[in-house]
1. Using the Cα centre of the range A:128-267 as the reference point, and only Cβ charges (+1 on K/R, -1 on D/E), how large is the resulting charge dipole? Debye, rounded to the nearest 20.
2. Which value in deg cm²/dmol, rounded to the nearest 500, describes the helix-derived mean residue ellipticity at 222 nm for the protein assembly as shown, given -39,500 (n - 2.57) per DSSP H run of n ≥ 4 and division by the residue count?
3. Counting pairs of alpha carbon atoms under 8 Å apart in space and at least six apart in sequence, what relative contact order in percent does chain A give?
4. Just counting partner chain Cβ atoms within 10 Å, what average do the residues of peptide B:65-77 show around their Cβ?
5. How big is the range B:33-117 along each principal axis, measuring the range of its Cα positions in Å and listing the largest first?
6. Provide the packing ranking of A:36-43, A:105-112, i.e. peptides ordered by the mean count of other C-beta atoms within 10 Å per residue, highest first.
7. Return the average number of partner chain Cβ atoms within 10 angstrom of each residue Cβ along peptide B:81-92.
8. How far apart, in nm, are the 7 Å Cα→Cβ label points at B:Lys61 and A:Ser153?
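Every read-out reported here was derived from the displayed coordinates using simple, explicitly stated rules and does not represent laboratory data. The model shown is predicted, which means the values in this text are computed figures rather than measured ones. Neighbour counts run over all protein chains shown; Cβ positions are idealised from the backbone, glycine included.
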Amino acid sequence: MFLNSIALISQEVLEASILISILMALAKQLQLSQRWVLIALVMGSIFAFIYGQNMGDVSEWFDYVGQEIVNASIQLLIVILMFLATFLYSHSIFSSNKQGQIIFLANAIAIVALAIVREGAEIYNYLIGALVQPDYVLTVTAGSLIGTGIGISIGVLFYYAMGALTGKKRHIIGLVLFSLIAGSMTSQAILLLNQADWLISTPVLWDSSHLLSEHSLTGRLLYGLIGYEATPSALEFAGYLGTALIILFIGMKKMPKIKCLEQTINA
Amino acid sequence: MINYMKILSWKNFLYLSIGFLTYSSNVIAGPPIIEIEIKDHLFFPSTVEIPANKKIKLLVKNLDPTPEEFESYDLNREKVIAGNRKVIIFIGPLAPGEYPFFGEFYPKTAQGKIVAIE
């Protein structure tokens, strides 16, 4: 139970943690206050609690596939908001004025809160099940705390690693990571809709489980980080690639303007 | 003399449509339903045989008061099942072979496998 809770919680926390660290790095680049993270964490936790508590009822919606539909909608909404974040960040006309910055922060709050809702609801269900059994309370609490610690640490590491990079490198690496996370969100949404039988199942494109198993620690970390899947279907892969390319396209298109913004900030 | 206008009335058209839809839904039957139960953090049955290359509707009933998460790396499936609730998970079409699954909240005990047979 101890190792299981570490693995489970760290994987769930990691996804939101990386997303937070990249958005924080982008906000820092725009010289914005980081108080938005706190608002996002509180809002996300409240909604995760509500969703987690009502998971049983939600699951019964749409002929017992409500959970997939709600989760896929959350994932797709996050992807759309990530498109908007990339657009706002990359166009100095928005990122350099007050209104644009407020929209950027409100958007960042929505992305993080939504990411926490989904992962948090799962953690909530895990904990209410495990913590009612006296034998497990100590091991599960300790494991969950360590798991949370691991998830947050990796996020913090990412944040400072990105901070250590110079402007252009930070922009490119941040953008690539952002595109991979958005890609992973789309492929997860496709998988969920397929699980609910709302989308047709397409053939598996490859099987890399012998190279890197999803059971392994690295596999689980990579799943949390960039949505590593050992046996992706054609549709999941297409969704992943398409989304990642859209983010790169939006973010790369206005590169010269970022330089203009940096010069304005430095001046 | 037969009144053709009466035969072609909208009511008859409606009856015909309902008849056709009922007929077609019987012909194009949904995927077969396979039932799995979770009790005391164990899956019953723990080995489920299904026909290969066919879509299957898994009906997973959680008889425990605590939530469980049905998870399978090989099936690419993951779903929380609240205590004393049931859910539906679509799987397949699968190539012949074995596909292990487990309860992510209690992976030591809650284990099982789907066996797709040609």
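1. The calculation lands at about 960 debye.
2. Theoretical 222 nm ellipticity from helices: -21000 deg cm²/dmol.
3. Working: 358 pairs, mean separation 83.1, N = 267.
Relative contact order here is 31 percent.
4. 5
5. If we take the Cα atoms of the range B:33-117, the spans are 35, 23, 19 Å.
6. Values: A:36-43: 16.8, A:105-112: 21.9.
Packing order, densest peptide first, comes out as A:105-112, A:36-43.
7. Working: counts 5, 13, 6, 1, 6, 4, 9, 11, 7, 8, 4, 1.
What the average comes to for B:81-92 is 6.
8. 4.5
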